[in-house]
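Input: a single structure, listed below in structure tokens.
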Amino acid sequence: MNKRAILAAGRAAFALLVMVAVVVQINVNIGKGTFNPTRFFAFFTILSNLFGAGLFLALAARWRSARSATFDLLRGASVVYLTVTFIVVVLLLSGADLQVAVPWVDTVLHKIFPIVVVIDWLIEPPASWLTVSRALRWLAYPLVWLVFTLIRGAFENWYPYPFLNPANGGYGAVAFYCVAILVGFLVISAITVVAGNALGGRGRPPHLARDPQ
């Protein structure tokens, strides 16, 4: 079995693990009478894990196909989103109610899968050259999510994470955390680009490093 076949099998296995974990947590929440789909799927953690799992399944299904710049860009996005998820959970959300009460589910979604996605990026670095201008597209989803979350919170008085709730320190505190996390996104995006290019683009002719039009 070659490397790409092994990667495909591993990606499919971890994608299914994530999906099973999400389904198990949903069933637990339903049993407790606390499941609200519009809130459960409002968590950046849940959305990012499902995005990464769906991408892993797509990559596993097309493991014989040539790698494309589009999938490289999507993989990079998944690395950034899940790395930020890991860091924010460790630094800001220890002990917070994230609607992920099952211990093994919490471990899979907040720790194991984010680490696996990073390892996957390092094991099979992008085939295409990544640039800063392309990587900035990774910020579109988090920014849209943030704006939607803050607007929704203002109307419903519900926020998925305590640091986004102005009741915890006011809007100044919310702004501070948002800016700090944005800086984190930028730093992690830069590291992802540098690591991907260093591992996958050695000796690449300069013209291949240009932004594709």
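The values are calculated or read from the model by the stated rules, or taken from the named source; none is laboratory data. Bear in mind that the values here come from a model prediction, so they are computed numbers and not experimental data. A quick note on method: Cβ atoms are made from the backbone with ideal geometry, for glycine too, and the neighbour counts reach across all protein chains shown. Side chains included, ligands, DNA and RNA excluded: accessible areas come from the protein's heavy atoms. Shrake-Rupley method; radii C 1.70, N 1.55, O 1.52, S 1.80 Å.
Quick notes on this structure:
- Working from label points 7 Å from Cα in the Cα-to-Cβ sense, the Ala198 to Ala101 distance is 4.4 nm.
- Helix 170-200 and the long axis of the chain differ in direction by around 20°, with both axes built from C-alpha atoms.
- With Rh defined as the Kirkwood radius, the inverse of the mean 1/r over Cα pairs, the Rg/Rh of the chain is 0.99.
- 222 nm mean residue ellipticity, helices alone, for the chain (DSSP H n ≥ 4; -39,500 (n - 2.57); rounded to 500): -22500 deg cm²/dmol
- Alpha carbon convex hull of region 1-121, projected area averaged over orientations, nm²: 7.7 nm²
- Projecting the Cα positions of Phe155, Phe176, Val23 onto the charge dipole of the chain (unit charges on Cβ atoms of Lys, Arg, Asp and Glu, taken about the Cα centre) puts Val23 furthest along the positive direction.
- Applying 1/(1 + (r/R0)^6) with r as the Cβ-Cβ distance of Ala180 and Ala69 and R0 = 22 angstrom yields a FRET efficiency of 0.10.
- Dipole-positive endmost among Ala195, Phe44, Ala61 within the chain (Cβ charges, Cα centre): Ala61
- Put a plus charge on the Cβ of each Lys and Arg, a minus charge on the Cβ of each Asp and Glu, and nothing anywhere else: the dipole of the chain about its Cα centre is then about 720 debye.
- Relative to the current alpha-carbon distance between Trp158 and Val20, full extension at 0.36 nm per residue lengthens the span by 47.0 nm.
- Per atom type, the chain shows carbon and sulfur on 71% of its accessible surface, probed at 1.4 Å.
- Acute angle (nearest 10 degrees) that the helix 113-123 long axis makes with the longest principal axis of the chain, alpha-carbon atoms: 10 degrees
- Surface per residue (accessible, 1.4 Å probe) for region 57-131, Å²: 43 Å²
- Contact order relative to length of the chain, as percent, for alpha carbon pairs under 8 angstrom and 6 or more apart: 26 percent
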